[in-house]
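Input: a single structure, listed below in structure tokens.
The values are calculated or read from the model by the stated rules, or taken from the named source; none is laboratory data. Here the structure is a predicted model, which is why all the values come from computation and not from measurement. Every residue, glycine as well, gets a Cβ built from its backbone with ideal geometry; the counts of neighbours run over all protein chains shown. Calculation scope for accessible area: heavy atoms of the full protein, side chains included, ligands and nucleic acids excluded. Shrake-Rupley method; radii C 1.70, N 1.55, O 1.52, S 1.80 Å.
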Amino acid sequence: MNANILVVDDEKEIADLLEVYLKNEGYEVFKFYSGEEALSCIENTALDLAILDVMLPDIDGFRICQKIRESFFFPVIMLTAKVEDGDKIMGLTIGADDYITKPFNPLEVVARVKTQLRRYTSYNNPNKNEEQNEFDIRGLIINRENHKCFLFGKELQLTPTEFSILWYLCEHRGAVVPSEELFEAVWGEKFLNSNNTVMAHIGRLREKMNEPAKNPKFIKTVWGVGYTVEK
């Protein structure tokens, strides 16, 4: 599989280990131990995915993720030794697609990479054989064929994960989609009760749509159940 993956971690052993496992899967790896070097690579290399350590000696992973999201939409996976939900939510809110806590099994990282790349590939090469490719819901237009989304005529710059969440909700408009179902449909993994991933991504979607959290027009929260986009 020809995909360019950025790996940034100041712990040399971890970065080297990830490089070995990813190269064994056929990926091209661009490995760095500092944020400054990584930023230069981001600007000059066509990347398909980034794996960023949060704690770096110069620029933290959150800042690098923010810089990526200013211009690019490829998946970002954050690595951290911290386990606090607040750190996880912060990473997801600024545009990360996944979050892995150290210590980790490198095979799990490879599996997460494959999941994110499948979604990213689908985002850029949509299946045109599906029955319905577009929804127009009260000024919100989302098209799976060209993977564009417009709100009142203005294009929303969505990451592949954000697009997948919004598409799934629109596809099931009128119904309440439980957080567990939404997570498992988009991420393809088993949902855990302590998982705040869906909530963080919904919050970022609402921010991009200029939706007030207390009274959103499009993505509504049904407390204790999940989310819904009304018909």
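Points worth noting:
- Within the range 12-94, strands (runs of 3 or more DSSP E) holding 1 or more residues that are surrounded by fewer than 19 Cβ atoms within 10 Å (Cβ to Cβ): 28-32
- Members of the range 1-45 found to be among the aromatic types (Phe, Trp, Tyr) and more than 16 Å from Ala111 (Cβ to Cβ), listed by number: Phe30, Phe32, Tyr33
- Qualifying residue in the range 213-229 (condition: over 20 Å from Asn143 (Cβ atoms), among the aromatic types (Phe, Trp, Tyr) and more than 19 Å from the chain's Cα centre (by Cα)): yes
- Residue satisfying all of: in the range 185-205; open to solvent by 30 Å² or more (accessible area, probe 1.4 Å) and of a type in the set (Gly, Ala, Ser); nearest to His172 (Cα to Cα) among these: Ala185
Yes/no matrix, rows are residues, columns are (1) modelled with pLDDT of 90 or more; (2) under 15 Å from the mean Cα position of the chain (by Cα):
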position: Lys12; (1), (2): yes, no
position: Leu17; (1), (2): yes, no
position: Val29; (1), (2): yes, no
position: Glu37; (1), (2): yes, no
position: Ala46; (1), (2): yes, no
position: Met55; (1), (2): no, no
position: Pro75; (1), (2): yes, yes
position: Lys88; (1), (2): no, yes
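- Meets criteria (under 21 Å from Ile68 (Cβ atoms) and in contact with a strand residue (DSSP E or B) (Cβ under 7 Å, 6 or more places away or on another chain)) for Leu151: no
- For the residues Lys220, Lys208, Lys154, the requirement of being open to solvent by 40 Å² or more (accessible area, probe 1.4 Å), at pLDDT below 90, more than 17 Å from Gln116 (Cα to Cα) and among the basic types (Lys, Arg) singles out Lys154.
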